[in-house]
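The structure appears right after this line, and notes come after that.
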């Protein structure tokens with residue numbers, strides 16, 4: 001779910017204070033994207049939101065979410081039904097967030 005080496009790399013690059021600021025921004029922005037994804041019906045907007053979420057999730061090591069978003073971008077571009085896939089992305093984000101919250105102190109020393 002979480003790419004801990006990527007998380008540790010970012011932590012080492014920016015330091016703990018900056019990392020915490022990046023994390024807060026990420027979590028706030030993801031909440032907004034999730035709300036938009038759950039309400040949006042226009043395929044182009046869905047693709048844009050998934051693209052943003054894919055990149056943000058990848059940057060912070062939320063690999064499963066990033067991969068699901070990449071698949072979602074392809075599905076949206078193909079005109080496929082998105083409700084179930086968006087629900088899967090949302091569930092993966094919250095599961096990843098839980099793992100991140102419970103294991104991050106162990107990985108970020």
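The values are calculated or read from the model by the stated rules, or taken from the named source; none is laboratory data. What you see is a predicted model; the values in this text were computed from it and never measured. Counting neighbours? That spans all protein chains shown, and the Cβs are built from the backbone with ideal geometry, glycine included.
Residues in region 20-56 that are more than 10 Å from the chain's Cα centre (by Cα), touching a residue at least 24 places away in the same chain (Cβ under 8 Å) and closer than 27 Å to residue 105 by Cβ: how many?
So the answer is 2.
I'm checking my understanding of the structure. Among residues of region 20-52 that are surrounded by fewer than 14 Cβ atoms within 10 Å (Cβ to Cβ) and in contact with a helix residue (DSSP H, G or I) (Cβ under 7 Å, 6 or more places away or on another chain), which one is farthest from residue 101 (Cα to Cα)?
38
Quick check on residue 75: is it modelled with pLDDT under 95, surrounded by 15 or more Cβ atoms within 10 Å (Cβ to Cβ) and under 24 Å from residue 20 (Cβ atoms)?
No: the conditions fail for residue 75.
Restricting the search to region 6-19, which residues are within 17 Å of residue 96 (Cβ to Cβ) and either in contact with a helix residue (DSSP H, G or I) (Cβ under 7 Å, 6 or more places away or on another chain) or without any contact (Cβ under 8 Å) to a residue 24 or more places away in the chain (or both)?
Within region 6-19, 7, 8, 10, 11, 19 qualify.
With respect to residue 99, determine if the residue is within 21 Å of residue 19 (Cβ to Cβ), surrounded by fewer than 19 Cβ atoms within 10 Å (Cβ to Cβ) and touching a residue at least 12 places away in the same chain (Cβ under 8 Å).
It is true that residue 99 is within 21 Å of residue 19 (Cβ to Cβ), surrounded by fewer than 19 Cβ atoms within 10 Å (Cβ to Cβ) and touching a residue at least 12 places away in the same chain (Cβ under 8 Å).
Can you tell me which condition residue 107 does not meet? The list is (1) under 18 Å from residue 5 (Cα atoms); (2) touching a helix residue (DSSP H, G or I) at 6+ places or on another chain (Cβ under 7 Å); (3) surrounded by 17 or more Cβ atoms within 10 Å (Cβ to Cβ), and all the others hold.
(3)
Can you tell me which residues in region 78-93 are under 19 Å from residue 32 (Cα atoms) and surrounded by 12 or more Cβ atoms within 10 Å (Cβ to Cβ)?
Matches in region 78-93: 82, 85, 86, 87, 88, 89, 90, 91, 92, 93.
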